[in-house]
Ligand code: FAD
């Protein structure tokens, strides 16, 4: 008798949910993806102001997870759209007033991390999923309730049907075998999971806000000595350290750089206190020397006023699953501050490890006396192992991310740090 296909529902079509859907679809599951927002590939509905950084650092953790997704064209497409960053470029001003740049390589063997456009990566994953016959998308579907004993979930839907009937939203109910919650830091899946399991939960907002800016591509005509469309080195993650705050820049394909100002809330309040923005360029001149030569002061002010000023949250919880019904991955399980460049990478790695463990337990049943056992029994054992294996690692990455803020904004300047680095490398 042919085995009934497993129905896997993924909540959240961000990078982690999309990769989880791909792994599940490759294993032959009937996959349904429910996403609160509209399709990010639809230019008419995508909000211009993303609430997530536009450019990210992709590293081996994330690349390896995509390599194992069973879709060779995914990794080829992704890698083609990246820019290698071989180290940090520290920017500052010497005592004599001169600006300086200092390159600090990440790796003695010259290995790099990669700059990638977050939206571009997400779109690529959605495009590949779209071609798979066993995958269905449900955009504009917000998870509002879940019963993990009866495997039922409820969604608020806003679509053409609700609009044509003059309703704000309608509710639907679905059944599932397995739910993967990849719905981000403010996860609804995690909220409902807490009602079924004794979850330890810790959330911290650090006293740092972030806001995005942009360094434009070079506009002057290329000459023999200036052939690059990039105004500063494209192969570095640029840092203007400032002890209590910092400004960073990551290269984009079009020659621009996506920049982020990280600073305590009090600095933001100070800069906001003059609505004309007059305090902003002098603040940059004092703390991030050279930036006003890369971003004209009027643009600095415009970015500061136009782009949101967002908080940074760090979340730890345990366990990540309940029975055989549900597991949370990515930011839903372990949102972290961005200073280690590992939030998305760790989320993608969750997916690889989760499916490795699921496969292992399914195989063990296939070759044992439990050959005819319900697949949910193997899944229940697998999810328990996943929580046991993944929680300590995820908590460690969260802690490292918090510590790395001090390294990035201050220690990179200290003589002790330089000495340690020198000793490590020689
Ligand atoms: P998300 O990207 O948050 O996606 C969750 C999805 O779920 C969203 O599409 C959302 O609309 C949907 N959703 C939410 N609620 C519901 C609901 N109730 N029902 C249905 N759908 C729902 N990481 C790195 O690896 N490298 C970096 O360099 C890096 N830099 C960063 C810089 C900044 C400033 C910030 C803020 C983060 C950075 N990160 C970085 C972290 C990275 O952005 C996140 O870890 C990553 O986006 C998490 O992906 P996700 O798919 O788990 O969650």
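The values are calculated or read from the model by the stated rules, or taken from the named source; none is laboratory data. Remember, it's a predicted structure, so these values are computed and weren't measured experimentally. Cβ atoms come from the backbone with ideal geometry, glycine included; neighbour counts cover every protein chain shown.
Looking only at residues that are within 20 Å of the chain's Cα centre (by Cα) and in a strand (DSSP E or B) in the stretch 1-12, which one is farthest from the ligand (Cβ to nearest atom)? Only one residue fits best here, namely 10. Among the strands (runs of 3 or more DSSP E) confined to the stretch 13-109, the ones with at least 3 residues that are under 18 Å from residue 131 (Cβ atoms) and away from the ligand (no atom under 11 Å from the Cβ) are located at 30-34.
Quick one: which of 359, 393, 365, 399 is part of a helix (DSSP H, G or I) and under 19 Å from residue 19 (Cα atoms)? When all the criteria are applied, what remains is 359. Return the residue satisfying two criteria in turn: it lies in the stretch 159-201 and is in a loop (DSSP other than H, G, I, E, B) and within 12 Å of the ligand (Cβ to nearest atom), and of such residues it is surrounded by the most Cβ atoms within 10 Å (Cβ to Cβ). So the residue we want is 182.
Determine whether residue 310 is within 16 Å of the ligand (Cβ to nearest atom), modelled with pLDDT of 95 or more and surrounded by fewer than 18 Cβ atoms within 10 Å (Cβ to Cβ). Yes. Only one entry of 330, 341 meets the criterion of being in contact with a helix residue (DSSP H, G or I) (Cβ under 8 Å, 6 or more places away or on another chain) and either outside the structural domain of residue 232 (by TED's automatic domain parsing) or closer than 27 Å to residue 93 by Cβ (or both), and that entry is 330.
Residues that are farther than 23 Å from residue 119 by Cβ and out of contact with any helix residue (DSSP H, G or I) (no Cβ under 6 Å at 6 or more places or on another chain) within the stretch 7-23 comprise 7, 9, listed in sequence order. Considering every residue within the stretch 79-99, establish whether at least one is in contact with a helix residue (DSSP H, G or I) (Cβ under 8 Å, 6 or more places away or on another chain) and free of Cβ contacts under 8 Å to residues at least 40 places away in the same chain. Yes; the residues of the stretch 79-99 include at least one that is in contact with a helix residue (DSSP H, G or I) (Cβ under 8 Å, 6 or more places away or on another chain) and free of Cβ contacts under 8 Å to residues at least 40 places away in the same chain.
Against the condition modelled with pLDDT of 95 or more, under 18 Å from the mean Cα position of the chain (by Cα), closer than 26 Å to residue 257 by Cα and crowded, with 17+ Cβ neighbours inside 10 Å, how does residue 58 come out, does it pass? It is true that residue 58 is modelled with pLDDT of 95 or more, under 18 Å from the mean Cα position of the chain (by Cα), closer than 26 Å to residue 257 by Cα and crowded, with 17+ Cβ neighbours inside 10 Å. Restricting 140, 151 to those that are surrounded by 12 or more Cβ atoms within 10 Å (Cβ to Cβ), more than 15 Å from the ligand (Cβ to nearest atom) and assigned by TED's automatic domain parsing to the domain that holds residue 39 reduces the list to 151.
Take the conditions (1) under 23 Å from the mean Cα position of the chain (by Cα); (2) farther than 28 Å from residue 347 by Cα; (3) surrounded by fewer than 16 Cβ atoms within 10 Å (Cβ to Cβ); residue 204 misses just one of them, which is (2).
Could you go through the stretch 120-136 and let me know if any residue there is in the same structural domain as residue 71 (by TED's automatic domain parsing), surrounded by 17 or more Cβ atoms within 10 Å (Cβ to Cβ), in a strand (DSSP E or B) and touching a residue at least 60 places away in the same chain (Cβ under 8 Å). Yes: the stretch 120-136 contains one or more residues that are in the same structural domain as residue 71 (by TED's automatic domain parsing), surrounded by 17 or more Cβ atoms within 10 Å (Cβ to Cβ), in a strand (DSSP E or B) and touching a residue at least 60 places away in the same chain (Cβ under 8 Å).
The number of residues in the stretch 209-233 that are at pLDDT below 95 and within 14 Å of the ligand (Cβ to nearest atom) comes to 0.
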